[in-house]
1. From the list T199, T155, T191, which residue is surrounded by fewer than 21 Cβ atoms within 10 Å (Cβ to Cβ), on the phi > 0 side of the Ramachandran plot and at pLDDT 95 or above?
2. Between residues in region 140-158 that are within 13 Å of S169 (Cβ to Cβ) and residues that are open to solvent by less than 20 Å² (accessible area, probe 1.4 Å) and assigned to a loop (DSSP other than H, G, I, E, B), which pairs lie under 8 Å by C-beta distance while being six or more apart or on different chains?
3. Can you tell me how many residues within region 158-188 are under 28 Å from L129 (Cα atoms) and open to solvent by less than 40 Å² (accessible area, probe 1.4 Å)?
4. Restricting attention to region 327-345, which residues are out of contact with any Cys (no Cβ under 9 Å at 6 or more places or on another chain) and charged (D, E, K, R)?
5. State all residues of region 278-293 that are outside any helix (DSSP H, G or I), within 25 Å of P261 (Cβ to Cβ) and open to solvent by 20 Å² or more (accessible area, probe 1.4 Å); if no residue qualifies, say none.
6. Does region 3-20 contain at least one residue that is surrounded by fewer than 19 Cβ atoms within 10 Å (Cβ to Cβ), polar (S, T, N, Q) and not in a strand (DSSP E or B)?
7. Within region 24-138, considering only helices (runs of 4 or more DSSP H) that don't extend past its boundaries, which have at least 1 residues that are at pLDDT 95 or above, over 23 Å from K2 (Cβ atoms) and open to solvent by 20 Å² or more (accessible area, probe 1.4 Å)?
8. Can you tell me how many residues within region 231-243 are open to solvent by less than 20 Å² (accessible area, probe 1.4 Å) and either in contact with a His (Cβ under 8 Å, 6 or more places away or on another chain) or part of a loop (DSSP other than H, G, I, E, B) (or both)?
Amino acid sequence: MKEPIRQRAMELGFDDCRFTSADAPDSAGQFRDWIAKKNFGEMAWLERNVEKRVEPQKVLNGVKTVIVLSAAYSGVSGAEASCRSSPVTRHGLVARYARFDDYHDVLGERLKSLSQFVNEYGGVQTRSLWYVDTGPILERDFAQRAGLGFVGKHTNLISRKAGNWIFLSEILTTLELAPDEPETNHCGKCTRCITACPTNAITAPFELDARRCISYLTIELKGPIPLEFRRAIGNRIYGCDDCLAACPWNRFAQDGRLMKPYARKDLDQPDLLELLSLDEKEFKTCFAGSPILRTKRRGFLRNVCVALGNIGDASTLPHLERASHDAEPLIAEHAQWAIDEIKSR
């Protein structure tokens, strides 16, 4: 009964489609401990939805199956090497997944269609819910149990077919389908992801303190970036790929056929001074349809200021001086920090 659904998923552009039961994830206890330690930082929704995340029946009553899907979003990109090869550059670094139109929209459109197909295939009693990184579900656990990949020591999912560069999404359905074989961990003794983290956010294998993670600091954190982490951020202005990029399984990564048409080449090596000059209207226009929009201008230009403080030179000071008088205090404070950093060098 699964093959028509899998085939339809492939037709819609997904790279893999797997099935597992809706039983509670094995990591429920570990997740509760992580929440108790407050490792989620300001992401309060994780704490609010604990019970739903560990019990799918509380998300969709009568759920029997979780369909987990993947869409690859990158092969090898030259942008990282280019940004790091020169000690003085005006280019910022954007996480690979954000160098596309917003994956929530791209995948969501396909998931809606696939969910309708599942409901029609299952009959009038079938009900389904789909999520793209938005629902109260521990998706990486279900992805591993469905055989799509395994959770690595950096706590992200690794596919033996596509490495780390994959988007996950899922459909919870009341239709009962036979589960696929689960994947087992293949990290071995490798600790490259742990040593690659600039802020030591991976505190132990399979344990992440989000409050130290550059992705959290540049995206989820709404206030000032703690001083202790600013230099470690380097020229990263939205997210961080270091732990993902270090994984040897990426040798199998390929460009995803679904996401490739939505790539934004203007975000491969964006000019920091051009970004710093954006007003509110220009920011919204520039990043319309991009996940970067979620940081708002205040958060994004905060990040740009930190990047300039780390890699800028005297020629960037006039631009930062203007930013230090921005009406948004968050931008002004980080611009002044950047000025002080450059002058101290």
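The values are calculated or read from the model by the stated rules, or taken from the named source; none is laboratory data. In this text, all values refer to a predicted model and were calculated from it rather than measured experimentally. Counting neighbours? That spans all protein chains shown, and the Cβs are built from the backbone with ideal geometry, glycine included. Only protein heavy atoms, including side chains, enter the accessible area calculation; ligands, DNA and RNA are left aside. Shrake-Rupley method; radii C 1.70, N 1.55, O 1.52, S 1.80 Å.
1. Working: T199 fails: on the phi > 0 side of the Ramachandran plot; T191 fails: on the phi > 0 side of the Ramachandran plot.
Step by step, each of T199, T155, T191 is checked, and only T155 is surrounded by fewer than 21 Cβ atoms within 10 Å (Cβ to Cβ), on the phi > 0 side of the Ramachandran plot and at pLDDT 95 or above.
2. Between residues of region 140-158 that are within 13 Å of S169 (Cβ to Cβ) and residues that are open to solvent by less than 20 Å² (accessible area, probe 1.4 Å) and assigned to a loop (DSSP other than H, G, I, E, B), the close pairs are F142/P25; A143/G149; L157/L148; L157/G149; L157/N164.
3. Within region 158-188, the subset under 28 Å from L129 (Cα atoms) is 158-184.
So of that shortlist, the ones also open to solvent by less than 40 Å² (accessible area, probe 1.4 Å) come out as 158-159, 162-175, 177, 180, 183.
Selection size over region 158-188: 19.
4. E328, D340, E341, K343, R345
5. The initial filter retains those residues of region 278-293 that are outside any helix (DSSP H, G or I), namely 278-279, 287-290.
When the remaining residues are screened for being within 25 Å of P261 (Cβ to Cβ), the result is 287-290.
Of everything in region 278-293, those that are outside any helix (DSSP H, G or I), within 25 Å of P261 (Cβ to Cβ) and open to solvent by 20 Å² or more (accessible area, probe 1.4 Å) turn out to be A288, G289.
6. Yes, region 3-20 has at least one match.
7. Here the list reads 103-122.
8. Matching residues across region 231-243 total 4.
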